[in-house]
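Novice: Below you'll find the structure I mean.
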Amino acid sequence: MPRALTPHQLISMRRFEPQLREALKAENLSLAEDIMKKIQSLFEGDRNHFRLLQAKNWYYEGVLEAGKLEDAKLGLEAVRKRAREGTRVFIEATALLAVCCLRLKKIDEAKKHLRFVIQNINSISSDRRRNQFQKRVIERIDEEFWIGQLVGRNEGVVSAKQIQEDAVKLLREKSPEQIFELIGDAMPSNALPLLKDVKDYAILLLPPPDQKLLEPPKQQIPKAELGKKALAAIKRIGWKAFCHQDSQIYKLWKNRIPKVFNEGYFAVAFTTVLAQWRIGLPQFGAGVVAIVMKYSCEEFCSTFKPEGLMIPRGENDAHEV
């Protein structure tokens, strides 16, 4: 059993853990780093305590989401060295490490980590919790694979002005299904067999009863459905560009102010995301912006809010898998 927290550690962690998650939610990595230093100072004599390692998992998930993949990878590998193999903290760190590898296009390494995660998820005794985590892992494979395929692709100059003009034209001339087909056309079709290989590999590691609870992989994916999958993946890197509650675009969109649509706010926000992630796909950018503009603020920000991979834990939960 892990060592119980002292009263001072318990009071401090109840304060620091929510602060850490809020800082990461706001993408304030410098603040998150400061909070992590305070948490680490509580465990100077016990660097292997699961509560410290759990906080590090949250922190490195934020580093990963910020696109600092090598930093996240090194940090998660360090967590795995300190955590007991097979514990929840170890499983979560390994799952996040698999995500890092997918984004870095290190497919064989990702499969190795996925194998460990899926085989050890079975140690979760609750059927509901186990199936929930299995579903999250499989869905995340899909999302992260497409992010990895998009990052670094360059097929033209991405201009906010041009994306705005093209998006407005798409909204006037195309149905949503046709716009999704356009987005799907921008995805690398030769990547589909590789995605199927990774997903099949992961699903076949599950016990047969659990496999039946997941949607079976499709042999062929229509272009429109591929476009929808791409949009679902983009929430990982683009949701906050549209839905950060302190941003001007969010305030205008929420209050249905017409200029948010007419003056290119969506195009500017998404062009910034594409530049940050080195995605040079003008057609893809215009298609995504056109689809986003069809949603109300409340509907989009609720529907596409990204889920974390880690298993939620109550503040007073002192047990591991």
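Laboratory data are not the source of any read-out in this text; all were calculated from the coordinates shown. These numbers come from a predicted model, not from an experiment. Note that each Cβ is placed from the backbone with ideal geometry, even for glycine, and that neighbours are counted across all protein chains shown.
Novice: Figure the gain on full extension for Arg256 and Glu298 (residue separation times 0.36 nm, minus the Cα-Cα span) and round it to one decimal in nm.
Specialist: On the way: separation 42, 0.36 × 42 = 15.12 nm, distance 1.07 nm.
Roughly 14.1 nm would be gained on extension.
Novice: Hey, can you grab everything whose amide H is under 5 Å from the amide H of Gly280? Only 5+ residues off in sequence or another chain; H modelled, so Pro and N-termini drop out.
Specialist: Placed amide hydrogens put Gly152, Arg153, Asn154, Glu155 under 5 Å from Gly280.
Novice: To continue, here is another question. Tell me the angle of helix 223-243 to the major Cα principal axis of the chain, expressed in degrees between 0 and 90 and rounded to the nearest ten.
Specialist: 70
Novice: Check cross-link reach from Lys73 to the lysines: straight Cα distance under 18 Å, and skip same-chain residues fewer than eight apart.
Specialist: Lys56, Lys81, Lys105, Lys106, Lys111, Lys112
Novice: For n ≥ 4 DSSP H runs only, could you compute -39500 (n - 2.57) per run for the chain, divide by its residues and tell me the 222 nm figure to the nearest 500? Before the final figure, lay out the partial values.
Specialist: Numbers: 17 runs with 221 residues, N = 321.
So the calculated ellipticity at 222 nm is -22000 deg cm²/dmol.
Novice: Further question on the same structure: How large is ³J(HN,Hα), in whole Hz, for each residue of region 79-88 in order, when computed from phi with the Karplus curve 6.51 cos²θ - 1.76 cosθ + 1.60 and θ = phi - 60°, using x for Gly and Pro?
Specialist: Calculated HN-Hα couplings, in order: 4, 5, 5, 9, 7, 6, 4, x, 6, 4 Hz.
Novice: Relative to the longest principal axis of the C-alpha atoms of the chain, give the angle of the C-alpha long axis of helix 192-204, reported between 0 and 90° and rounded to the nearest 10°.
Specialist: Once rounded, the angle reads 30 degrees.
Novice: Below 8 Å, C-alpha to C-alpha, sequence gap of six or more: please give me the relative contact order for region 7-123 in percent.
Specialist: Numbers: 118 pairs, mean separation 20.9, N = 117.
Worked out over region 7-123, it gives 18 percent.
Novice: Further, regarding this structure: With everything on Cα atoms, drop me the angle between helix 265-276 and the longest principal axis of the chain, reported from 0 to 90° to the nearest 10.
Specialist: Relative to the chain, helix 265-276 is tipped by roughly 60 degrees.
Novice: Which of Leu97, Gly62, Asn28 sits closest to the plus end of the dipole of region 7-123, meaning its Cα is farthest towards the positive end, when Lys and Arg get +1 and Asp and Glu get -1 on the C-beta?
Specialist: Result: Leu97, furthest along the dipole toward the positive end.
Novice: Take every Cα pair under 8 Å in the chain that's 6+ residues apart, average their separations, divide by the length, and report that relative contact order as a whole percent. The partial results should precede the final answer.
Specialist: Working: 377 pairs, mean separation 65.0, N = 321.
That works out to 20 percent.
Novice: Work out how much length Ala4 to Glu307 would gain on full extension: take 0.36 nm times their residue separation and subtract the Cα-Cα distance, in nm to one decimal.
Specialist: Working: separation 303, 0.36 × 303 = 109.08 nm, distance 2.98 nm.
Fully extending the segment from Ala4 to Glu307 adds 106.1 nm.
Novice: With N residues in region 7-123, what two-decimal value do you get for its Cα radius of gyration over 2.2 N^0.38 Å? Show your work: numbers first, answer last.
Specialist: Numbers: Rg = 14.2 Å, N = 117, 2.2 N^0.38 = 13.4 Å.
Normalised Rg, Cα atoms only: 1.06.
Novice: Toward the positive end of the charge dipole of region 7-123, about the Cα centre and with charges on Cβ (Lys, Arg +1; Asp, Glu -1), which of Leu42, His8, Ile118 goes farthest?
Specialist: Of Leu42, His8, Ile118, it is Ile118.
Novice: Using only Cα atoms, what Kirkwood radius does the chain have, in angstroms? Numbers along the way, then the final one.
Specialist: Values: mean 1/r = 0.0477 Å⁻¹.
For the chain, the Kirkwood estimate is 21.0 Å.
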